[in-house]
Amino acid sequence: MWAVPGFGTVNQVEALSFSHRPALRDPALVCAFSGWNDAAEAASSAVSFLVNAFGGFEVARIDPEEFFDFTAVRPTIRLDEGRTRVIEWPATTIHAAHIPAAERDLVLVQGSEPSLKWRAFTECVIDAARELEAKLVVTLGALLADVPHTRPVAVSGLANDQDLIEKLGLERTSYEGPTGIVGVLHDTCAKAGIPSASLWAAVPHYVAAAPNPKAALALIRRFEGIAKVAVDASALEEAAEDYDRQVNAAVASDPEVKEFVERLEETMDEVDEITMRPQDLPSADSIARDFQRFLRQRRHEEGDG
């Protein structure tokens, strides 16, 4: 055991330390990891937005010493009050958020994809879920795809648990191939008996170098339906509109890129015509329920203010 400032003692094996353990109502644990699973920073931006939107407060962290190659994910130095040099290590932080007007609270996990000991790392996440009594784990991810930026962001909802698939309208994952920390975490959840789901946003590969608030917003909107939590994302909506304007202007200035995007649009429209079915669209009842939940939560928050 060793001490971490502000976090008491840390278990040398698990590397998970709590500052405190708040009482939460049926919390869902949602997490995103920057790196391989996070095209255009869409997933990590979505979780950061949720932390800020709901006034999340840090309750725990996973120490990076056992899990990171610091030559690959380097610590950074900042100046505190312009004078004192402070090293900031790439720790994984765990926040909690009380949402009185919603059906449940949230536990939010943020960090970089670790370099080492993935099985031990995911056990730390599971230990945090158990300590905070989370009964559902949701991961957010984003991947590069041949999709145009001019179309709504496609978000896939995947799970392996049949009850969860039926209850939340998800699809059973059939992916085979290389995986990231998200895939390992879901395997660890299954072995621990904790239901888990993953949401993946498709990000246009030709603008992947820039952060994509439009994809982050799409992940949050899909997460709302799974977690039964309404999110006031007006700031992110404005950022998504600015993003669209900037990308449209950049594409319009380059005839070759413009032609490429038009081909992607034609391909996507053809696929949509073939595959789109009435049951793929959200029902009027579903839209009404989401809207009413949002109104109830907003009235509650305005009353607190």
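The values are calculated or read from the model by the stated rules, or taken from the named source; none is laboratory data. Just so it is clear, the model here is predicted, and its values are computed rather than measured. All Cβ positions, even for glycine, are placed from backbone atoms using ideal geometry, and neighbour counts span all protein chains on display. Side chains are part of the model used for accessible areas, which takes the heavy atoms of the whole protein and leaves out ligands, DNA and RNA. Shrake-Rupley method; radii C 1.70, N 1.55, O 1.52, S 1.80 Å.
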Checklist entry - So who's got an amide H within less than 5 Å of the one on ASP161, skipping anything under 5 residues away but keeping other chains? H placed 1.01 Å off N, in plane. => result SER196
Checklist entry - Can you give the extra length, in nm with one decimal, that the chain gains between GLN246 and THR76 once fully stretched, where that is 0.36 nm per residue apart less the Cα-Cα distance? => result 58.2 nm
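For the stretch 140-281, with only Lys/Arg (+1) and Asp/Glu (-1) charged at the beta-carbon, what is the dipole magnitude about the Cα centre, in debye rounded to 20?
Values: 12 positive and 25 negative charges, 129 e Å.
Result for the stretch 140-281 is approximately 620 debye, rounded to the nearest 20.
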Item to check | Heavy-atom accessible area per residue - the stretch 200-272, 1.4 Å, Å² | outcome: 50
Checklist outcome for this item: For the stretch 178-276, the Cα-Cα pair-distance distribution in 5 Å bins from 0, as whole percents, is 2, 10, 13, 16, 18, 16, 13, 7, 3, 1, 0
Next on the checklist: Out of the total accessible area of the stretch 75-191 (probe 1.4 Å, heavy atoms of protein only), what percent is carbon and sulfur?
Outcome noted: 49
Next on the checklist: Could you check the spin-label model distance between GLU259 and SER174? Points 7 Å from the Cα along Cα→Cβ, value in nm.
Outcome noted: 3.6
Checklist entry - Given labels modelled 7 Å from the Cα in the Cβ direction, how far is it in nm from GLU88 to GLU266? => result 4.7
Item to check | Other-chain or far-sequence residues with amide H under 5 Å of LEU136's (modelled H) | outcome: LEU29
Checklist entry - Across the Cα atoms of the stretch 139-208, what radius of gyration and what greatest pairwise Cα-Cα distance (Dmax) are found, in Å? => result 13.4, 41
Item to check | Rounded to whole Hz, the Karplus (6.51, -1.76, 1.60) HN-Hα couplings of the stretch 99-109, x for glycine and proline | outcome: 10, x, 7, 9, 7, 8, 9, 10, 10, 10, 10
Next on the checklist: Taking amide H atoms as placed 1.01 Å from N in the peptide plane, list the residues 5 or more away in sequence, or in a different chain, whose amide H sits under 5 Å from that of THR92.
Outcome noted: ILE62
Checklist entry - Is the shape of the stretch 126-178 rounded, prolate or oblate, going by the alpha carbon gyration tensor and its root eigenvalues a ≥ b ≥ c, with a/c under 1.5 for rounded and a/b larger than b/c for prolate? => result prolate
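For the stretch 50-104, what is the convex hull volume of its Cα atoms per residue in Å³?
128
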